[in-house]
Amino acid sequence: MNPHQFDTIIHLVGEQPLPIYIGMLQFSCPRHILAVTDRTRPVGAALKQVAAKRGLEADLLDVPAYDGRAAGDAFDALLNGRGPGSAALNLTGGTKPMFSGGYQAGLKACAPMYYVETTRRELHWLGEAPRKEPLRPTMDSVKTFVELAGCRLNTDVGEHWAGWTEQNGSLLAACWKHREALGRWQGELARRGYSQYLGVPFQSQWNGRGVLLAAELKGPPDYAGALKIGDFEKRESPWMDLAGFLTGGWFERHTYRHLLLLRRSGRLRDMILNAAVETATSGPESQKAIQEFDIAFTDGFCLTIVECKAGAVNQDHVQKLENLVQRFGGHFGRGILASVFKFQKPMERRILSLSRIAAITESALMGNPDAFLTADAGTLLSSPSQTHS
């Protein structure tokens with residue numbers, strides 16, 4: 001915990017909730033006042049709701065967006081009569097007039113003032129003794145990132161597959177060994193529509209350069225599945241998503257299993273698999289999934305979203321990942337596009353131009369799990385020792 005302790009912190013709320021929330025958690029402080037405008041009131045409401053789950057009291061304060069004097073008067077009223085250092089101002093968000101009003105009010109009351117510098121992960125103190133210090137890692141849950149964006153996270157399916165993944169390492173290793181044959185078979189399965197609906201019975205086999213691949217899913221009530229990949233055989237009942245597993249699910253779980261090394265070492269604070277992001281409204285639409293994370297994790301600072309592709313990668317996949325990173329991570333978001341196969345040259349050029357996303361392909365995927373944490377945006381890692389930028 002930061003050695004500074006305050007009774008109250010006033011936060012200027014902008015359109016990005018994450019820097020404000022991280023600024024709230026840097027200190028021991030029971031009460032927070034969120035200065036919002038008409039435009040940022042929904043952001044403040046989300047911050048208040050998430051803070052309450054952490055046991056923090058937070059209230060909204062409406063201030064004019066472009067009247068610095070009126071905003072300053074509102075801050076003066078809150079700071080008036082408090083002892084020096086008992087209250088602080090977080091000037092990270094808000095408009096320029098709000099910043100000006102807050103800064104002048106802080107100087108008048110001798111109140112500490114700071115803002116969160118997102119790029120360098122620093123806390124910058126303002127006023128008579130400006131200084132910088134590292135941010136503390138405070139983001140312990142992927143769920144928090146989603147809730148701050150006004151949505152909710154459904155991990156029910158992913159929790160099942162996370163446990164299943166740890167118990168089926170041999171199957172996933174066989175899939176990785178025969179990934180080229182699986183990639184060709186995947187197209188046939190998708191063309192026939194087997195993976196479009198959960199639990200649809202099917203039977204298929206594929207001879208991939210001397211490697212026999214065969215799968216069968218029976219119907220109700222057991223939904224028994226059987227799979228043969230080369231010399232490896234697996235039977236499971238029920239196995240309703242067998243077709244989905246063969247058309248890309250295997251790679252998501254294989255990548256997740258690989259990243260468990262980082263989770264167990266403490267490098268990751270939280271990691272989830274196959275989670276649905278749902279709208280947070282009530283009524284019939286409340287259970288509607290609007291997006292899905294193949295894999296997502298946080299190291300205490302950033303939200304990293306991993307999009308896993310076991311087949312061809314196109315512009316739509318890249319755009320989807322960019323949108324997810326921006327919506328749920330903002331300045332503290334990054335994306336990893338993990339692909340079983342090499343990209344075509346046009347896609348390589350597209351990846352090298354990205355500002356929030358890196359790509360990892362082929363042997364680099366399993367050669368170094370740290371790459372998922374350290375790969376810089378706009379880079380393409382295609383072997384354990386090779387980075388293109």
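The values are calculated or read from the model by the stated rules, or taken from the named source; none is laboratory data. Everything numeric here is computed off the predicted structure, so don't read it as measured data. As a convention, Cβ positions derive from the backbone with ideal geometry for all residues, glycine included, and neighbour counts pool all protein chains shown.
Working carefully through the options 292, 307, find the one that is modelled with pLDDT under 95 and either assigned by TED's automatic domain parsing to the domain that holds residue 373 or within 11 Å of the chain's Cα centre (by Cα) (or both).
292
Can you find even one residue in region 22-29 that is buried (at least 17 other Cβ atoms within 10 Å of the Cβ) and over 15 Å from residue 138 (Cβ atoms)? Please lay out each step first, then the result.
Filtering region 22-29 down to residues buried (at least 17 other Cβ atoms within 10 Å of the Cβ) leaves 22-27, 29.
Now restrict to residues that are over 15 Å from residue 138 (Cβ atoms): none.
Checked against the condition, which is being buried (at least 17 other Cβ atoms within 10 Å of the Cβ) and over 15 Å from residue 138 (Cβ atoms), region 22-29 yields no hits at all.
Take residue 85 and decide whether it is surrounded by fewer than 18 Cβ atoms within 10 Å (Cβ to Cβ), on the phi > 0 side of the Ramachandran plot, in contact (Cβ under 8 Å) with a residue 40 or more places away in the chain and not assigned by TED's automatic domain parsing to the domain that holds residue 332. Explain how you work it out, then say what you get.
Working: surrounded by fewer than 18 Cβ atoms within 10 Å (Cβ to Cβ): yes; on the phi > 0 side of the Ramachandran plot: yes; in contact (Cβ under 8 Å) with a residue 40 or more places away in the chain: yes; not assigned by TED's automatic domain parsing to the domain that holds residue 332: yes.
In short, yes.
Please specify each residue of region 30-47 satisfying the condition of being surrounded by 18 or more Cβ atoms within 10 Å (Cβ to Cβ) and not small (Gly, Ala, Ser).
Result: 32, 33, 34, 36, 37, 40, 43, 47.
Taking region 88-139 on its own, how many of its residues are surrounded by fewer than 18 Cβ atoms within 10 Å (Cβ to Cβ), in contact with a His (Cβ under 9 Å, 6 or more places away or on another chain) and among the polar types (S, T, N, Q)?
So the answer is 1.
Does residue 146 count as under 32 Å from the mean Cα position of the chain (by Cα), closer than 19 Å to residue 36 by Cβ and crowded, with 19+ Cβ neighbours inside 10 Å? Even if it seems obvious, please write down each step before you answer.
Working: under 32 Å from the mean Cα position of the chain (by Cα): yes; closer than 19 Å to residue 36 by Cβ: no; crowded, with 19+ Cβ neighbours inside 10 Å: yes.
For residue 146, the condition - under 32 Å from the mean Cα position of the chain (by Cα), closer than 19 Å to residue 36 by Cβ and crowded, with 19+ Cβ neighbours inside 10 Å - is not met.
Does region 57-79 hold any residues that are surrounded by fewer than 23 Cβ atoms within 10 Å (Cβ to Cβ) and out of contact with any Lys or Arg (no Cβ under 9 Å at 6 or more places or on another chain), and which are they?
First, pick out the residues of region 57-79 that are surrounded by fewer than 23 Cβ atoms within 10 Å (Cβ to Cβ): 57-62, 64-70, 72-74, 76-79.
Listed by number, the residues that qualify are 61, 64, 67, 69, 70, 73, 74, 77, 78.
Kindly provide the set of residues from region 115-135 that are modelled with pLDDT of 95 or more, closer than 14 Å to residue 21 by Cα, of a type outside the set (Phe, Trp, Tyr) and out of contact with any Lys or Arg (no Cβ under 8 Å at 6 or more places or on another chain), ordered by number.
116
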